[in-house]
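Below: the structure, in structure tokens.
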Amino acid sequence: MKPLIAGNWKMNGLQAARAEVEALIEKFAGAAPADRDVLICPPATLVAQFAERYSDEGVQIGAQDCHALAGGAHTGDISAEMLADAGAAYVIVGHSERRADHGESDETVRAKAEAALRAGLTPIICVGETREQREAGTAFDVVGAQLKGSLPNGGAPFVVAYEPVWAIGTGLTPSLADIGAMHDFIRSKTPEGARILYGGSVKPENAEEILAINNVNGALVGGASLKADDFHPIIAAAPGEM
Ligand code: PEP
């Protein structure tokens, strides 16, 4: 399975951030390697511009959220069709920050994932337990329920990202054994062919060992995707020929 290394820029990035994408492409000596998928999900304001400038250099562009409907009276929202029209190839849905900040339920996340598929985008559907749930021993129940509620019906191509909430932006990561056990569990509940990413404090120092775990098919990277000097070694750490 071709690894996918995806950067989630969250609410970071002004026009000047182009310099980081250009520095990344320069590190690849002109184009991202073909044996791995490289994706950047900048804020919505930069999606069209980045897609137009960088898709030929092998860097795919995605968005961080979409509305479930194709259009209508929803001030401030952006549909999956609009993102596809802007040149996006992927969209993250159900990130824990959106589940927490915007009260998104599994049902909402599934509707958004189905909207992405309808528009020809690949959804990256995020799941993951909180620290309290991990400590209470319910991580597998929580993630199992999120998968049941959030994954689109049918075997359409989508990506799942396992992101323990307590590992996001904290510098903490589960043990390699715990990541492996959760990815094996997700694999058993996910259609064949769907890639399963790990996300949560992936950095140049831990990328290689995480990306080598069975059923880890790539990474969703937040903070370390903002700087080419950090994101490049993570991309390079994915198994392949690079
Ligand atoms: C994320 O928010 O998707 C994420 C993985 O963040 P970080 O890498 O900064 O922990």
Accessible surface, per residue, of region 4-220 when the full set of protein chains is kept, probe 1.4 Å, Å²: 43
In region 4-220, lysine pairs closer than 19 Å at Cα, eight or more apart or cross-chain: 5
Global form of the chain, assessed from the alpha-carbon gyration tensor, a/c cut-off 1.5: oblate
CD proxy at 222 nm, helix term only [per DSSP H run n ≥ 4: -39500 (n - 2.57); per residue of the chain; nearest 500]: -10500 deg cm²/dmol
Listed residues 82, 1, 11, 182 arranged by accessible area, highest first, probe 1.4 Å: 11, 1, 82, 182
Selection from 161, 237, 19 lying farthest towards where the dipole of the chain points positive, charges on Cβ: 161
Length-normalised contact order for region 68-206 - Cα pairs under 8 Å, 6+ apart - percent: 22
Using a Förster distance of 30 Å, the FRET efficiency for residue 172-residue 55 (Cβ separation, nearest 0.05): 0.30
Average silhouette area of region 187-242, convex hull of alpha-carbon atoms, in square nanometres: 4.2
Calculated FRET value between residue 118 and residue 206, using beta carbons and R₀ = 51 Å, to 0.05: 0.90
Fluctuation leader among 25, 196, 124 - the chain, Gaussian network, Cα springs under 10 angstrom: 25
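Using DSSP to call loops (not H, G, I, E or B), can you name the GluC sites (Glu not before Pro) in region 122-195 whose Cβ has at most 11 other Cβ atoms within 10 angstrom?
For GluC sites (Glu not before Pro) across region 122-195 that sit outside H, G, I, E and B with at most 11 neighbouring Cβ atoms in 10 Å, the list reads 192.
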Extension gain from residue 192 to residue 85, taking 0.36 nm per residue of separation minus the Cα-Cα distance: 35.7 nm
Within a Gaussian network of the chain (alpha carbon springs, distance under 10 Å), most fluctuating of 137, 30, 58: 137
Calculated from backbone phi, Karplus (6.51, -1.76, 1.60) coupling profile of region 55-69 in Hz, x at Gly/Pro: 4, 5, 8, x, 9, 7, 10, x, 10, 9, 5, 8, 7, 6, 9
GNM top mover of 122, 173, 45 - the chain, alpha-carbon springs below 10 Å: 45
Mean Cα-pair separation over length for the chain, i.e. relative contact order, pairs under 8 Å, 6 or more apart, %: 21
13 Å beta-carbon shell around residue 200, net charge (K/R +1, D/E -1): -1
The chain - percent of accessible surface contributed by carbon and sulfur, probe 1.4 Å: 51
Separation of the residue 102 and residue 11 label points, Cα + 7 Å toward Cβ, nm: 1.2
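The values are calculated or read from the model by the stated rules, or taken from the named source; none is laboratory data. The model shown is predicted, which means the values in this text are computed figures rather than measured ones. Don't worry about glycine lacking a Cβ; one is built from the backbone with ideal geometry, like all the others, and counts go over all protein chains shown. We work out accessible area using only protein heavy atoms, side chains counted, and drop any ligands, DNA or RNA first. Shrake-Rupley method; radii C 1.70, N 1.55, O 1.52, S 1.80 Å.
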